[in-house]
Structure formats: C-alpha cells, structure tokens
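Novice: One structure coming up, written as structure tokens, with questions to follow.
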Ligand SMILES: Cc1ncc(C[n+]2csc(CCOP(=O)(O)OP(=O)(O)O)c2C)c(N)n1
Ligand code: SF4
Ligand SMILES: [Mg+2]
C-alpha cells in the first residue's frame, strides 16, 4: 500500500492561521517511509512553514523525481498541486510549469541520487537559469529506495552498511549551487526543526532560485558508525553559521536583539531575514566568502548549516525572458492571436 489517506477529523480548537486553516490542512497522506526516516521530519517542517506563512494550499505546486525523498510530497500539502516526474527530471518539468504559470509557488523536492547523480545536469541548469522555486534536496548519501548504494554525495572514506568504503569524491550540492548562481543557498539538518522551518519560510518568499540541502539520515541504510550522514555524525560535526528568524512583510518588524549581534537582510518583497550570527564575521550576502567558508570548514570535517548565501534583490527566469505576467491558460483569443498585421511585422523582422 503506498497511499493511505489520513482521517479528516480535526480537534475543533486547533489553532487556525490567517487564511483559516489548521496545521492539519497542510498535511498529506500517512507516510509509508521507515519509522525515523529524516525525510518525514522535513515533510513536517514544510507543513509548519506553509501554515505559518498563511499560504493557501491551492497556490502551491510540489514536484519531485523518484526516490524515498521524491515520494514525500504525497505526505504533505495534500490540497496542493502535485506532480511526481521521472528520476532526476523534476527541474525541467518544474521549469516548464513555472513558465506556463508564474502565479503558483513552486516547491521541488528531490534526493541526493535524484539531483547529484542522474539529475545533476538538470539541477545545474535550473539553478543557473534562476527558476523561481524552492529546491529542496533530502540528502542521505545513499539511494534509499533502491536499498542503500552510495550516492554521489557520500563522503570519501565513509562506510556503507555492508562495510564498503566509498573511494569517490563527493559532490557538494551547496558548493555547486553557489557557483551556479542560486540566489539563496542554505543547508540544514532534518533533526533541527528550529533551523529548518525559518529557512524553508525564507526560501518560499525568496523570488528566485532558492536551494536548501537538508542532511536527512536514512535509518535503514546510512545511520551506522562510519557514515557521515547519520544522526550522530551530523550532531557532532554541525557548525551553524547563523540562527535565523523569518519575518514576512505583513508583520511589524520588532527589534528584540542587541545591535552588533545580528544582521537583517531585506528581500525585495519587503520580507526580512534576521540572522543572529554565531560566527561574528559571517556575512550571508557575500557569495565569494560563502564559497571559501564552506571549503574551509569542510576541510576541518565540519558540516556547515544555516543560510550560507542570499542575494537580497534576486532576479528570476521570467525577468530574464521578459515573459507575460498572466499565466498562459488565462490568455484570451485576442492575446493569443494578435492578427495578420502583427504577424506580418514579426515575419518581416525575421527576414
Ligand atoms: C531512470 C531511472 N534510473 C534508475 C532508477 C532506479 N532508482 C529509483 S530511486 C533511485 C535512487 C534514489 O536515491 P535518492 O534520490 O537519493 O532518494 P532516496 O531514496 O535516498 O531518498 C534509483 C537509482 C529509476 N527509477 N529510474
Ligand atoms: S530506506 Fe532510508 S530513505 Fe527510504 S524511507 Fe527508509 S529510512 Fe527513509
Ligand atoms: Mg538519497
């Protein structure tokens, strides 16, 4: 059984958000993943983020590829649009949907196999094109669905459950996203809801390509001693660059922090990212510095988490292509068929 509907009963006093929904209205079907799988915690964080942001579920389109991670959109936002595509092909399907209808909020959910192995090219081009989306990789370092082969993000020297040592260099998706021009780049841990929920909220409000790499232990195949994506390993090696709150433009911005201890990043829609810095000199708006910092900490064996980079005034593919504001399915006959004179002019320009 891969699909189990949840009972629709709500406690009458469950709190509602500003658009009248309870948190349960953002849930999906009952998860069929292994108990303790990090992916389920990420689904819970997405539910929480969308509920807190007062997003109407019908405004979201969630797309995925193939894998345990790519199954998760069934387990959250059951009232949203969804499309489960082919292994590694979520980015191109999402790009097409986004170009046809820019009014929806696009969430692409993928795995490390889905995005760093078979879908690496797709990931690269969707980041460099600046597709306005949240691109979330649930990174466990293995192909969970096909029973635990190393994925391309497995660290060199890490050990599989069967005792095999990985000899290949890992693909660092954060480093790639930074290099490819993503305008929001973050990493988190499935077991750290405090950090993950505000990151997802900020990524949703970001008007450009937002990438979040979430280390998400696979309890069935990659949670043993020797794995660098296990709960224990990440807890021991986690280096958070900042702790953040996300404040939408709708709310008054309060200042309950001491000056000098935090930095605020206003995004172009007026929403504010407030970062309480743990590393005093970390500036998340400096891309080059973020790239260097990442390499430096990785060499010291640390998993850097938090918001590594954000461009406060991002652009997206629609801006670059100068597309219409209106979704294509709302165009009328007049817009679709501008007449013989316009066609003649167009043809003349191409002769
Ligand atoms: C074209 C194609 N090649 C291979 C597969 C087999 N396959 C299914 S899921 C998967 C890997 C999934 O790994 P990941 O994306 O890391 O997801 P996880 O299960 O770890 O969450 C593979 C190789 C497939 N379904 N389609
Ligand atoms: S096999 Fe791993 S990734 Fe897949 S559901 Fe189980 S714990 Fe999660
Ligand atoms: Mg995986």
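Novice: Residues to consider are 103, 155; find the one that is within 30 Å of residue 319 (Cα to Cα) and out of contact with any helix residue (DSSP H, G or I) (no Cβ under 7 Å at 6 or more places or on another chain).
Specialist: Working: 155 fails: within 30 Å of residue 319 (Cα to Cα).
Result: 103 is the single residue among 103, 155 that is within 30 Å of residue 319 (Cα to Cα) and out of contact with any helix residue (DSSP H, G or I) (no Cβ under 7 Å at 6 or more places or on another chain).
Novice: Among what's in the stretch 169-184 and is touching a strand residue (DSSP E or B) at 6+ places or on another chain (Cβ under 6 Å) and in a helix (DSSP H, G or I), pick the residue that is nearest to ligand 2 (Cβ to nearest atom).
Specialist: Top of the filtered list is 173.
Novice: Another question, if that's okay. Residue under question is residue 39, and the condition is that it be within 15 Å of ligand 2 (Cβ to nearest atom) and not in a helix (DSSP H, G or I); does it hold? Even if it seems obvious, please write down each step before you answer.
Specialist: Numbers: within 15 Å of ligand 2 (Cβ to nearest atom): yes; not in a helix (DSSP H, G or I): no.
So residue 39 fails the test.
Novice: List pairs: first residue in the stretch 202-223 and in contact (Cβ under 8 Å) with a residue 60 or more places away in the chain, second residue surrounded by fewer than 24 Cβ atoms within 10 Å (Cβ to Cβ) and in a helix (DSSP H, G or I) anywhere in the structure, Cβ distance under 6 angstrom, at least six positions apart or on different chains.
Specialist: 215/234; 217/231
Novice: Within the stretch 301-323, count every residue that is outside any strand (DSSP E or B) and touching a helix residue (DSSP H, G or I) at 6+ places or on another chain (Cβ under 9 Å).
Specialist: Going through the stretch 301-323 one residue at a time, the tally reaches 9.
Novice: So if I check each of 166, 222, which one is over 19 Å from residue 308 (Cα atoms) and within 16 Å of ligand 2 (Cβ to nearest atom)?
Specialist: Working: 166 fails: within 16 Å of ligand 2 (Cβ to nearest atom).
Only one candidate qualifies: 222.
Novice: Would you say residue 199 is more than 16 Å from ligand 3 (Cβ to nearest atom) and surrounded by 24 or more Cβ atoms within 10 Å (Cβ to Cβ)?
Specialist: Details: more than 16 Å from ligand 3 (Cβ to nearest atom): yes; surrounded by 24 or more Cβ atoms within 10 Å (Cβ to Cβ): yes.
So residue 199 fits the description; yes.
Novice: Another question about this same structure. Please work out which residue is farthest from residue 48 (Cα to Cα), limiting yourself to the stretch 185-221 and to residues that are touching a helix residue (DSSP H, G or I) at 6+ places or on another chain (Cβ under 7 Å) and in a helix (DSSP H, G or I).
Specialist: My answer is 204.
Novice: Only one of these conditions is not met by residue 88: (1) more than 16 Å from ligand 2 (Cβ to nearest atom); (2) closer than 26 Å to residue 146 by Cα; (3) surrounded by fewer than 23 Cβ atoms within 10 Å (Cβ to Cβ). Which number is it?
Specialist: (3)
Novice: Looking for whichever is more than 22 Å from residue 148 (Cα to Cα), assigned to a strand (DSSP E or B) and modelled with pLDDT of 95 or more here; the options are 121, 108, 78. Which one fits? Reasoning before the result, please.
Specialist: Details: 121 fails: assigned to a strand (DSSP E or B); 78 fails: assigned to a strand (DSSP E or B).
Just one listed residue meets the conditions, 108.
Residue-wise test of (1) surrounded by fewer than 24 Cβ atoms within 10 Å (Cβ to Cβ); (2) under 12 Å from the mean Cα position of the chain (by Cα); (3) more than 8 Å from ligand 1 (Cβ to nearest atom); (4) modelled with pLDDT of 95 or more.
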| site | (1), (2), (3), (4) |
| --- | --- |
| 140 | no, no, no, yes |
| 146 | yes, no, no, yes |
| 151 | no, no, no, yes |
| 157 | yes, no, yes, no |
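Novice: If you don't mind, another one. So residue 134 passes all but one of these: (1) in contact with a helix residue (DSSP H, G or I) (Cβ under 7 Å, 6 or more places away or on another chain); (2) within 16 Å of ligand 3 (Cβ to nearest atom); (3) closer than 27 Å to residue 35 by Cβ. Which condition number does it fail?
Specialist: (2)
Novice: In addition: What tally of residues in the stretch 73-89 results from selecting those that are within 10 Å of ligand 1 (Cβ to nearest atom) and either under 13 Å from the mean Cα position of the chain (by Cα) or at positive phi (or both)?
Specialist: Count: 1.
Novice: Restricting to the stretch 63-75, count the residues that are within 10 Å of ligand 2 (Cβ to nearest atom) and either more than 22 Å from residue 221 (Cα to Cα) or not in a helix (DSSP H, G or I) (or both).
Specialist: Within the stretch 63-75, the first condition is being within 10 Å of ligand 2 (Cβ to nearest atom), and the residues that meet it are 67-69, 71-72.
Right, trim to either more than 22 Å from residue 221 (Cα to Cα) or not in a helix (DSSP H, G or I) (or both) and you get 67.
Final tally of qualifying residues: 1.
Novice: Still on this structure, please answer the following. Just give me the residues in the stretch 324-351 being touching a residue at least 60 places away in the same chain (Cβ under 8 Å), loosely packed, with under 10 Cβ neighbours inside 10 Å and in a helix (DSSP H, G or I), in sequence order. If you could, list the steps in order and put the result at the bottom.
Specialist: Here is the first cut: in the stretch 324-351, the ones touching a residue at least 60 places away in the same chain (Cβ under 8 Å) are 325, 327-329.
Imposing the further condition that a residue be loosely packed, with under 10 Cβ neighbours inside 10 Å reduces the set to 325, 329.
Answer for the stretch 324-351, where residues must be touching a residue at least 60 places away in the same chain (Cβ under 8 Å), loosely packed, with under 10 Cβ neighbours inside 10 Å and in a helix (DSSP H, G or I): just 329.
Novice: If you don't mind, another one. How do the pairs read when you match residues in the stretch 58-70 that are more than 9 Å from residue 110 (Cβ to Cβ) and touching a residue at least 40 places away in the same chain (Cβ under 8 Å) with residues anywhere that are within 13 Å of ligand 2 (Cβ to nearest atom) and assigned to a helix (DSSP H, G or I), using Cβ under 8 Å and keeping only pairs 6 or more apart or on different chains?
Specialist: Cβ pairs passing all conditions: 66/114; 68/39.
Novice: Over 15 Å from residue 175 (Cα atoms), more than 8 Å from ligand 1 (Cβ to nearest atom) and surrounded by 23 or more Cβ atoms within 10 Å (Cβ to Cβ): is that true of residue 134 in this structure?
Specialist: For residue 134, the condition - over 15 Å from residue 175 (Cα atoms), more than 8 Å from ligand 1 (Cβ to nearest atom) and surrounded by 23 or more Cβ atoms within 10 Å (Cβ to Cβ) - is met.
Novice: Considering only the stretch 88-105, state which residues are out of contact with any strand residue (DSSP E or B) (no Cβ under 7 Å at 6 or more places or on another chain) and either without any contact (Cβ under 8 Å) to a residue 12 or more places away in the chain or in a strand (DSSP E or B) (or both).
Specialist: Passing the criteria: only 96.
The values are calculated or read from the model by the stated rules, or taken from the named source; none is laboratory data. What you see is a predicted model, and the numbers here were worked out from it, not measured in a lab. Note that we place each Cβ from the backbone using ideal geometry, even for glycine, and neighbour counts take in every protein chain shown.
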